[in-house]
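Have a look at the structure below, then the notes.
What follows draws every value from the coordinates through simple rules; no lab data is involved. In this text, all values refer to a predicted model and were calculated from it rather than measured experimentally. All Cβ positions, even for glycine, are placed from backbone atoms using ideal geometry, and neighbour counts span all protein chains on display.
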Amino acid sequence: DPATTGGGGGSSQGGDTIKVGFSQLGAESGWRTANTESVKANLTKENGFDLTFVDAQQKQENQIKALRDFIDQGVDVIAFSPVIETGWDEVLQDIKDADIPVVLVDRTVDTTVADPFVTWIGADFTKEGVTAGEWVKENHPDAKIFELQGTMGSGAQTNRQEGFRSVVGDNVIGEASGNFTRAEGKAATEAALAAYPDMDLIFAHNDDMGLGAIEAIEATGKKPGVDIKIVTVDGVKDGLQALVDKKFNYVVECNPAFGDQLAELIKKVAAGEQVEKSTIVVDEAFDQTITQEFVDSRTF
Ligand code: AHR
């Protein structure tokens, strides 16, 4: 069963408390864990929230069930990070019919429902892919690239792929999904090392899959970061440590710590105030010149 925490049985305590149902898609990566911590640290009782948080364990049916439960509980606002883009039409229509505003978090939806959400907050995934591609084009223009994709059909996968390939698509010689996890990233890289013996650069759609790739590469006696270059997205502490250790070559940031901005948005939405349709979380990018001090000071 999906894990549920927080809430308090679905009844609002006090007139100003905002009842929020948050459906997180899973706990698949360091990024996701940091994002969940940031959400929970900001949607607190002290901040005026009554939060019901449900982890869907990367299963869309769990998310849809959680969203329906939120409708039944009569929450004030529904926030959710959709695991993939499609398949939400019915439940989004039901939420709309129940007159509950939706705040979309991190990933995006592809739906036939008109005006399915009030506002969205997250990163520009396409730009992240472009940034990664530009670094490759500049530094390794002849690279033979294996693309380690995230969860297929997720906004993070489709848009990072699109952005990356718009710059160095001709260099991609193979692809497979590692579902944004370390274990599946490792397994996909093991298979790729056998299938594409001349690959010399991996673009992993997140740090965790890149960390799995390091294990697979080292097991063959090759040197990650040297024999096979690794470019990733996220910039969580473990990823940046791999960069300092010269096993990753370049990391495009995707910052998960936007719970404070999310809390402000939800307050405005609950109060019926006007909000921007989208809020882009600002990202940076890092190469091997970052310092150990910088990594040690990283909070996620
Ligand atoms: O949707 C954001 C992505 O999801 C992160 O890059 C990845 O680590 C997570 O699983």
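Couple of notes before you dig in:
- Spin-label model distance (nm) - Glu284 vs Glu175, 7 Å beyond Cα toward Cβ: 3.1
- DSSP finds beta bridges in the chain, and of those with both partners inside it, around 15 percent are antiparallel.
- The simple spin-label model puts a point 7 Å past each Cα toward its Cβ; for Gln274 and Lys137 those points are separated by 3.8 nm.
- Helical contribution to [θ] at 222 nm, DSSP H n ≥ 4, -39,500 (n - 2.57), averaged over the chain, rounded to 500: -12000 deg cm²/dmol
- Listed residues Ala114, Val54, Pro101: farthest to the positive end of the dipole of the range 35-134 (Cβ charges): Val54
- With the convex hull drawn over the C-alpha atoms of the chain, the volume per residue is 126 Å³.
- About the centre of its Cα atoms, the chain shows a dipole size close to 320 debye [charges on the beta carbon of Lys, Arg (+1) and Asp, Glu (-1) only; nearest 20 debye].
- Packing around the peptides 232-239, 148-155, 111-118, 61-68, taken as the average count of other Cβ atoms within 10 Å per residue, puts them in this order, highest first: 232-239, 148-155, 61-68, 111-118.
- Straight-line cross-link reach from Lys267 at under 17 Å between alpha-carbon atoms covers these lysines, not counting any fewer than eight positions away in the same chain: Lys19, Lys40, Lys45, Lys277.
- Size of electric dipole in the range 125-254: Cβ of Lys, Arg +1 and of Asp, Glu -1, about Cα centre, debye, nearest 20: 100
- Options Leu265, Ile202, Ala123, ranked by Cα towards positive dipole end of the chain, top entry (Cβ charges): Ile202
- The protection proxy used here, the mean number of other Cβ atoms lying within 10 Å of each residue, ranks peptides 245-255, 20-30, 135-145, 198-208 as follows, highest first: 198-208, 20-30, 245-255, 135-145.
- Across the chain, Cα pairs under 8 Å and at least six residues apart give a relative contact order of 17 percent.
- Length released on extending from Thr33 to Glu61, taking residue separation times 0.36 nm less the Cα-Cα span: 8.0 nm
- Overall, the anisotropy analysis places the range 125-254 in the rounded class: the square-rooted eigenvalues a ≥ b ≥ c of its C-alpha gyration tensor yield a/c less than 1.5.
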